[in-house]
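J.: Pasting in a structure now, in structure tokens, and then I'll have a few things to ask.
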Amino acid sequence: MLFSIKARGRLNYARKSVCLRFPPIPRQNIHHFMIMFLHVSLIQLAGKIDLTDLPTEQLVQSTQSLSEYGSLIRGLIKLQRQARKSGKKDTPGPGPGGNLTSFKGGMSVLTDTLTAELGSRVRLNSAVDHISSVGGQYALHFEEGPDEEFDALVLACPAYSQARMLRELAPGIAERISSIPYPAVAVVCLGYDRGRIGNSMDGFGFLVPSREKKGILGTVADSNVFPDRAPEDSVLLRTLVGGARVPHLAELPDDQLLDMVFQDLKDIMGVNFDPEFISIYRHEKAIPQYLVGHAERLKAIEADLKNHPRLVLTGNAFRGVSLNDCVLNALKTAESLTGSGGAMIQ
């Protein structure tokens, strides 16, 4: 893709990649960050492909260590050389390392297994209306059934659910976390005969730059990434629609949504025949967005939590949306409760 950048863009990209001064990072989002350190041509090629609008605060720590090298590109090259000399197998790269992985039966295998292992200690289908403080303990007021009291409390549900439960105990915290947006996403799963679709989908999928003016965000070839997701003679495509870029498209009626997806796949992949399998999954509130100011929000919540000992807020709305982030934050949460027991946000 770099070869399609205009000559002026390539020169500017090269100039910024070897700049001798590492400019201070302003409080902007990742779009402005990339323009500052790379070039607008790269933005036009990449588009706003992520469902999250990452704030620059999330990038500061990852770039500060590169400042001593003068630029992002020079720093990356030198770190790669250092890693190879030290014999490390995983060298720093332009993207995340590792492979896409899942469970054979889907991600629900993780939660189902945990539920089975914990047994009667897990209480399911019990909606909490609100939380209060009673005699130094936290009381859960269920929508149905008697209240229960606990010494410590960990909230790992979505931010909007945490806000609802904390509205009486901590209205300030509830107000702050309720402002975290969750745009809608529709996932359109389509199954095709492998013989008919041919080699048009040999990779793991594609993302669509915003400048292409398409309705879809991208498509993952699930049957290529996870071979057990479809019969050997079939191809399973999973297409995302909506997100932070065009959330309203995720709410289209099924027929309009499918027409749009079919047309985009025809334009991009040349698929001009009907699928043998169709399934649509809608997430009214999908991935939390870390907009500019998210870091300040977390600091304010941390300060408020000092008034609520042994209360921990975690989940993917605060410090990472991926499963890996959630697992890491879960370990930190466990350490905090078995150690000092202080209130915190993970």
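The values are calculated or read from the model by the stated rules, or taken from the named source; none is laboratory data. Bear in mind the structure is a predicted one, so any value in this text is a computation, not a measurement. All Cβ positions, even for glycine, are placed from backbone atoms using ideal geometry, and neighbour counts span all protein chains on display.
J.: Exactly one of these conditions fails for residue 125: (1) in a helix (DSSP H, G or I); (2) under 22 Å from residue 281 (Cα atoms); (3) not aliphatic (A, V, I, L, M). Give me its number.
T.: Residue 125 satisfies every listed condition except (1).
J.: Out of the residues in the stretch 100-119 that are among the aliphatic types (A, V, I, L, M) and modelled with pLDDT of 80 or more, state the one that is farthest from residue 224 (Cα to Cα).
T.: Here the answer is 118.
J.: Sticking with this structure for a sec: Residues that are outside the structural domain of residue 246 (by TED's automatic domain parsing) and surrounded by fewer than 21 Cβ atoms within 10 Å (Cβ to Cβ): list the helices (runs of 4 or more DSSP H) wholly contained in the stretch 159-231 that include at least 3 such residues.
T.: 159-165, 171-178
J.: On to the next question. Go through the stretch 82-99 and give me each residue that's modelled with pLDDT of 60 or more, under 23 Å from the mean Cα position of the chain (by Cα) and surrounded by 10 or more Cβ atoms within 10 Å (Cβ to Cβ).
T.: Listed by number, the list is empty, since nothing qualifies.
J.: Mind checking whether some residue in the stretch 113-125 is surrounded by fewer than 17 Cβ atoms within 10 Å (Cβ to Cβ), under 25 Å from residue 247 (Cβ atoms) and not assigned by TED's automatic domain parsing to the domain that holds residue 279?
T.: The answer is no; no qualifying residue exists.
J.: Follow-up question, since we're still on this one. Please give the strands (runs of 3 or more DSSP E) falling wholly within the stretch 232-346 in which 2 or more residues are within 24 Å of residue 174 (Cα to Cα), modelled with pLDDT of 90 or more and touching a strand residue (DSSP E or B) at 6+ places or on another chain (Cβ under 9 Å).
T.: Counting at least 2 such residues, we get 311-313.
J.: Quick check, is residue 294 in contact with a helix residue (DSSP H, G or I) (Cβ under 7 Å, 6 or more places away or on another chain), touching a residue at least 24 places away in the same chain (Cβ under 8 Å) and farther than 29 Å from residue 203 by Cα?
T.: Yes.
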